[in-house]
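For reference, the structure discussed in these notes is given below.
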Amino acid sequence: MSSPLTRPSSALRIDQDPRVHMRRLDAMFEQWSATGAIPTGVRKEVARSWERQPPRYQDPDHRPADEVAHRRRADPLLTHASDSLRERLLASCTDTATELVLCDRDGVVLWVAGPPQVRRRSETLGFVEGASWTEKAVGTNGLGTALADRSPVQIFGSEHAHPDHHSWVCTGGPLIDPRDDSVLGAVTLSGGLRTAHPHTLSLVCSTLDAINAELRSLHRESLRTHSQAAAGLLEPGGVDALILDRGGWVVATRGLAVNERLFVPGGLRPGTVWIPSLGHFDSIPVGDLWQLERSTQRHTTLELTAEPPCARISVDDNNHTSHPLTPRQFDVLRVLAAHPSGLSARELSARLYGPGDHTVSVRAEISRIRRTLGPLLATRPYRLTVPASVI
């Protein structure tokens with residue numbers, strides 16, 4: 001499960017004079033605009049964002065109202081987060097002269113709420129429902145930068161990459177999808193420079209921690225519901241099988257002891273899929289879930305490529321998955337491919353490292369490789385269980 005969001009630095013310390021700080025930021029922005037080099041003193045999260053800026057901004061395209069309405073309803077977790085944000089933060093907007101804004105994972109603004117005078121100002125910038133507020137569209141900002149960094153951020157004045165936004169301070173952070181640990185959306189509290197305060201950053205971070213915890217709880221409840229519904233899909237007996245949700249979370253199993261979530265390279269799809277720790281499975285969709293049964297009579301081969309180091313697993317010559325390797329992992333597999341009957345840890349150590357006892361290093365490397373290749377790499381002795389070639 002995701003941990004609480006990392007706390008970034010505040011854009012303005014409580015002991016700083018905002019006017020002096022603003023002049024300093026103006027000078028750094030002008031230097032960056034003229035030279036393209038990030039000046040010393042720019043906060044690290046702002047520097048990362050400035051380095052990502054495109055040569056020119058796309059400007060926020062605007063989605064039609066019916067598409068915005070669909071995006072609001074498309075995901076129950078985002079709907080829950082939207083309702084919870086309003087309940088927790090909207091009441092404070094009038095007192096703090098800020099507006100509360102939510103966007104989805106694509107950076108499309110789903111709603112803007114707050115005092116009319118603040119909203120009128122932001123509307124002149126195109127900060128309205130349906131606008132795309134990514135970094136590519138408008139530069140460094142509370143929503144787009146939170147999406148890009150997966151982290152809360154506070155952007156003050158000239159830290160915004162777009163000059164039109166230099167009279168604003170924006171404090172934003174991401175909502176994390178517990179189903180696959182992707183970014184579900186982002187929220188920001190935005191207002192004029194006089195609203196800048198470190199407490200705003202703390203408020204946004206603590207609120208997002210609470211809402212992300214609620215989303216994880218909802219997901220766990222969804223898994224329990226799915227587990228009850230899937231009970232009849234895996235009758236006792238038969239081949240090893242799994243029921244997974246789209247994020248690889250395990251709903252039910254038959255004949256397998258597995259972690260609560262599995263990594264499926266390339267994602268779940270109809271046909272044959274490879275689960276590194278378990279092997280190949282035939283996968284079919286069952287409603288919102290996926291039913292996987294261990295594949296039988298499959299012809300599997302392993303191809304090793306040196307540039308870049310990579311292991312390519314082929315099934316029946318028409319299903320391929322590739323896994324990056326370190327140079328040392330490639331060497332281990334290359335040696336094992338040349339010795340199909342297998343090698344002991346000491347024998348493998350001698351061929352990889354030469355004289356001396358390096359069996360501890362060998363065993364550690366084998367353990368790391370098995371997290372990717374699983375049953376394709378056997379032990380006692382170490383050997384590949386499928387035909388392998390080096391190309």
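On the principal axes of its alpha-carbon atoms, the chain has extents of 75, 55, 34 Å, going from largest to smallest. Please find the FRET efficiency linking Ser182 to Ser341, where r is the Cβ-Cβ separation and R0 is fixed at 51 Å, and quote it to the nearest 0.05. Working from the Cβ atoms, E equals 0.70. When the Cα gyration tensor is reduced to axis lengths a ≥ b ≥ c, the ratio a/c is 1.5 or higher for the stretch 13-116, and with a/b not above b/c it is classed as oblate.
Taking amide H atoms as placed 1.01 Å from N in the peptide plane, the amide H of Ala131 lies under 5 Å from those of Arg63, Val109, each 5 or more residues away in sequence or on another chain. In the frame of its principal axes, the stretch 304-391 has Cα extents of 43, 25, 21 Å, reported largest first. From the P(r) of the stretch 266-348, can you give the percent of Cα pairs sitting at distances over 19 Å? Within the stretch 266-348, distances greater than 19 Å cover 49 percent of Cα pairs. Computed from the C-alpha gyration tensor, the three semi-axes of the ellipsoid equivalent to the stretch 190-284 are 41, 16, 10 Å, from longest to shortest. Across q = 0.18 Å⁻¹, the stretch 76-116 modelled as identical point scatterers on its alpha-carbon atoms has Debye log10 I(q)/I(0) values of -0.50, in the order of the q list. With a Förster radius of 22 Å applied to the beta-carbon distance between Ser202 and Asp15, the computed FRET efficiency rounds to 0.85. The value obtained for the stretch 214-269, namely the Cα convex hull volume divided by the number of residues, is 92 Å³ per residue. Remark: the Thr94-His70 segment gains 5.8 nm on full extension, using 0.36 nm per residue and subtracting the alpha carbon distance. Note on Asp357 and Lys136: the extension gain reaches 74.3 nm, defined as 0.36 nm multiplied by sequence separation minus the Cα-Cα distance. Approximating the spin labels as points 7 Å out from Cα along Cα→Cβ, the Val258-to-Arg119 distance works out to 4.7 nm. A Förster radius of 35 Å combined with the Cβ-Cβ distance from Leu233 to Asp209 puts the calculated FRET efficiency at roughly 0.45.
Here each label is just a point 7 Å from Cα along the line to Cβ, and for Arg383 and Glu51 those points are 4.8 nm apart.
Quick note: the coordinates plus some simple rules give every number you see, no bench work behind them. Computed from a predicted model, the values in this text were never measured in an experiment. Using ideal geometry, Cβ is built from the backbone for each residue, glycine included, and neighbour counts are taken over all protein chains shown.
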